[in-house]
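Here's the structure we're looking at; comments come further down.
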């Protein structure tokens, strides 16, 4: 397969923008909106969203398995993405624009539909990207384009919270409506462009594994186990600052109005960092470049627990450094995952990017859930609970340690796993030679027929 040019890369990456626009409002604005505007009990909203996330977690392996097995003429990646994109946008519209009188069942129903449709779009979409290139550095380039568009989508979602009220449409309902209207128009249109412009990857499977055989190969794939453990540790580390950012800025720094601008700064630095991480990965390796990024994040995080009220400028530098590292965190692990899939394809004979990226999605969700599940009980136990008026000195210290101290330890553990990772350019090239050598007899036999 020839390497995709810039036009193909842009066409592939474009849907990542509307998909990312949904993320921040869904997890930050929607729960508060249903509780405040629709007067639903906060506990009931939380239980409904927990049920949605459980279904979401179960849908990942199912979609991954089916996306690998179903091989229609139109293309196993393209068809899934084509079928799931419009339902994702429509379900988001219903979640973000509930009618008056909508209750918990409404949120749960449309939330489940959205999560399943979103997974059915996202898993084949990321697997498609992993299969677009067979080259070690080409995969980093594809992931870099996709994650840059995703970061731009996050920035658009942030700006919408400021610009929509400035345009004369105040309130969360107006912000959610503007965001989801954009997604409703942009996601199907960008998905259509992707389907038309981006080629379907060539299938390299010459075996068909049972579920048990496939799981056995995943367990035997040592680079995959090492990578996903490092990814889980790093995702766990990133989950703490993501969950506690607003609390850290508003309570520890005493600067609630700075939260929005600081988030914008953070994500802008993430976009700016992507080309530089691509360059460094080309000079070193993808895993070493990721380790350098995690070390930079650790260096900046080390200062955060010592910041106090009014230290907004100092914290802005923390946002710049950790935001710069964010670009590597988002694009390099998925590019390494594509190489890890080659290990499985070479050993098993079946190309199964879908199930591997489904496992990736599960690890992402598990890391965030672990961070939330640990952070809030520890904060409450140490005397920090703003809803109850608790802001003890010990609680603020714990907030700083959870926001930045524990993430440093977790990232250092991930670095220890990845520093001497066995897959580099030479190892990945040998894997591709093995895969393609096995494929040639199949291709020749098909040509003869």
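The numbers here are math on the coordinates, done by the rules we state, and not lab data. Computed from a predicted model, the values in this text were never measured in an experiment. In this analysis, Cβ positions are derived from the backbone assuming ideal geometry, glycine residues included, and neighbour counts consider all displayed protein chains.
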From DSSP H assignment alone, runs of 4+ in the chain each adding -39500 (n - 2.57), the sum over residues rounded to the nearest 500 puts [θ] at 222 nm at -26500 deg cm²/dmol
Taking Cα pairs closer than 8 Å and at least 6 residues apart, the relative contact order of region 319-417 in percent is 12 percent
In the list [x] 24.0; [y] 21.4; [z] 46.5, the entry giving mean projected area of the Cα convex hull in nm² computed from the coordinates is [y]
Taking Cα atoms only, helix 136-166 is inclined relative to the longest principal axis of the chain by an angle, in degrees rounded to 10, of 30 degrees
GNM of the chain, Cα pairs under 10 angstrom: of 123, 180, 104, the biggest fluctuation goes to 104
Once residue 299 and residue 284 are pulled to full extension, the length gained, defined as 0.36 nm per residue separation minus their Cα-Cα distance, is 3.3 nm
Within region 299-323, the residues whose backbone N lies under 16 Å from a label point placed 7 Å from the Cα of residue 276 along the Cα-to-Cβ direction are 299-301, 316-323
The alpha-carbon center of region 295-319 and that of region 43-93 are separated, in whole Å, by 38 Å
Once both label points are put 7 Å beyond Cα along the C-beta direction, the residue 162-residue 220 separation in nm becomes 5.5 nm
One finds the C-alpha centres of region 401-433 and region 161-175 to be spaced, in Å, by 42 Å
Listed with the fewest Cβ neighbours within 10 Å leading, 286, 411, 365 appear as 365, 411, 286
Once both label points are put 7 Å beyond Cα along the C-beta direction, the residue 309-residue 109 separation in nm becomes 4.9 nm
Residue separation between residue 73 and residue 196 times 0.36 nm, minus their alpha-carbon distance, gives in nm 42.8 nm
Relative contact order of region 209-449 (C-alpha contacts under 8 Å, at least 6 apart) in percent is 35 percent
So the angle from the long Cα axis of helix 222-247 to the longest Cα principal axis of the chain, reported in degrees to the nearest 10, equals 20 degrees
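I need to check one value: relative contact order of the chain, counting alpha carbon pairs closer than 8 Å and at least 6 residues apart, in percent.
24 percent
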For the chain, longest principal axis from Cα atoms; helix 286-301 axis from its Cα atoms; angle between them, nearest 10 degrees, is 10 degrees
